[in-house]
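Each remark here refers to the structure printed beneath this line.
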Amino acid sequence: MNKLLIVGTVAFDEIETPFGKTDKILGGAATYIGLSASHFNIKSAIVSVVGNDFPQEHLDLLNSRNIDTTGIEVVKEGKTFFWSGRYHNDLNSRDTLDTQLNVLADFNPIVPEDFKESDVVMLGNLHPNIQIKVLDQLTAKPKLIVLDTMNFWMNCALDELKEVLKRIDVITINDEEARQLSGEYSLVKAAEVIHTMGPKYVVIKKGEHGALLFADKDVFFAPALPLKEVFDPTGAGDTFAGGFTGYLTQSSNVSFRNMKNAIIYGSNLASFCVEEFGTSRMEKLNDKEVVGRLQQFKMLTQFDIELKQ
């Protein structure tokens, strides 16, 4: 069975949107990535860190999805990373109310021996130095290394981020981050600049407006499925990344053509994530629902057209 190594936060979130507010709930990039990737026939492992306040039931949830949690360090007397945010009415922008690094401040990632030769590596949004430490522990070159990052690291750790970019195959960022990293407003030009930094493939996420995949002169666009209700966009990008890497790990095919399918699978899973607060929708999502919505994506994007010579 093919292996996916996931690196990222396992955390607590406190979320407020126009539709309601939560207390402290399960969150973190690696959590969303893992739950999404669990819908594929693969073995996956999470490398992260939590405090002694992290409930065993959350680890049990991940284990029940065939996710190896031996790489999640539990720091005794430590507190788990915490983030609190409030979304605006359009759900496209948000204000961070509180960020507590806690045990993440001194995190030293340790990759489980069984996953040092993973087929695909997903580097979730973390400090670039942590991502580099993970890559240095691999004993064989993966078929694909995917990286997610954000404007925070572009502001405070740009040199380290550029070092990571030289070692990866795919970067997934949103349109605002692509413009900041490249210095170009046009997303086509932005992708061209980012290609020169190292990544062969550039995935630019546009939220409710879909996602773009760039590879040299090839471009692919996948729309987002129009939804009646969106309650909480937290984790949607990470859920997309989990579907994207999970599909590629299972198929063992990292061609541009197959990445088009991976983009659709990622978008499909992300469309479920936003329907409820936190991870709750992903925790109860079943494969029948996934296949049914994939059919909706197919109907949304498939058409016949007669081209006159």
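The values are calculated or read from the model by the stated rules, or taken from the named source; none is laboratory data. Everything numeric here is computed off the predicted structure, so don't read it as measured data. Methodologically, a virtual Cβ is constructed for each residue, glycine included, from the backbone with ideal geometry; neighbour enumeration extends over all protein chains shown. Quick note on the areas: whole protein, heavy atoms, side chains included, nothing else; ligands and nucleic acids left out. Shrake-Rupley method; radii C 1.70, N 1.55, O 1.52, S 1.80 Å.
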Open item on the list: If I filter the range 140-173 down to residues being open to solvent by less than 40 Å² (accessible area, probe 1.4 Å), in contact with a strand residue (DSSP E or B) (Cβ under 8 Å, 6 or more places away or on another chain) and outside any strand (DSSP E or B), which single residue comes out as nearest to GLY237 (Cα to Cα)?
Closed with: THR149
Task: Residue count for the range 119-131, restricted to those that are of a type in the set (S, T, N, Q), open to solvent by 20 Å² or more (accessible area, probe 1.4 Å) and either in a helix (DSSP H, G or I) or out of contact with any Ser or Thr (no Cβ under 9 Å at 6 or more places or on another chain) (or both) - done: 1
- [ ] Could you tell me which numbered condition VAL230 fails, if it satisfies all but one of (1) at pLDDT below 95; (2) crowded, with 23+ Cβ neighbours inside 10 Å; (3) among the β-branched types (Val, Ile, Thr)?
- [x] (2)
TODO: Have a look at SER44, SER48 and point out the one that is of a type in the set (Ser, Thr, Tyr), open to solvent by less than 20 Å² (accessible area, probe 1.4 Å) and more than 24 Å from ASN261 (Cβ to Cβ).
DONE: SER48
TODO: Only residues that are within 14 Å of the chain's Cα centre (by Cα) and in a helix (DSSP H, G or I): list them for the range 265-281, please.
DONE: TYR265, GLY266, SER267, ASN268, LEU269, ALA270, SER271, CYS273
Task: Matching entry among ALA270, ALA262, ALA224 (being among the aliphatic types (A, V, I, L, M), more than 21 Å from GLY28 (Cα to Cα) and open to solvent by 10 Å² or more (accessible area, probe 1.4 Å)) - done: ALA224
- [ ] Taking only the range 238-252 into account, find how many residues are surrounded by fewer than 24 Cβ atoms within 10 Å (Cβ to Cβ) and in contact with a Lys or Arg (Cβ under 9 Å, 6 or more places away or on another chain).
- [x] 1
Task: Hits in the range 56-73 - residues which are open to solvent by 40 Å² or more (accessible area, probe 1.4 Å) and over 15 Å from SER38 (Cα atoms) - done: GLN56, GLU57, THR70, GLU73
TODO: Enumerate the pairs (first residue in the range 62-82 and touching a residue at least 24 places away in the same chain (Cβ under 8 Å); second residue anywhere and among the hydroxyl-bearing types (Ser, Thr, Tyr)) with beta-carbon separation below 6 Å, excluding pairs fewer than 6 apart on the same chain, so at least 6 apart or on different chains.
DONE: LEU62/THR69; ARG65/SER38; ILE67/SER44; ILE72/SER48; PHE81/THR9
Open item on the list: Being within 26 Å of CYS273 (Cβ to Cβ), crowded, with 19+ Cβ neighbours inside 10 Å, under 18 Å from the mean Cα position of the chain (by Cα) and aliphatic (A, V, I, L, M) narrows it down to one residue among VAL134, VAL103; which is it?
Closed with: VAL134
Open item on the list: Among the residues of the range 174-210, what is the count of those that are surrounded by 21 or more Cβ atoms within 10 Å (Cβ to Cβ) and either under 21 Å from LEU91 (Cα atoms) or acidic (Asp, Glu) (or both)?
Closed with: 4
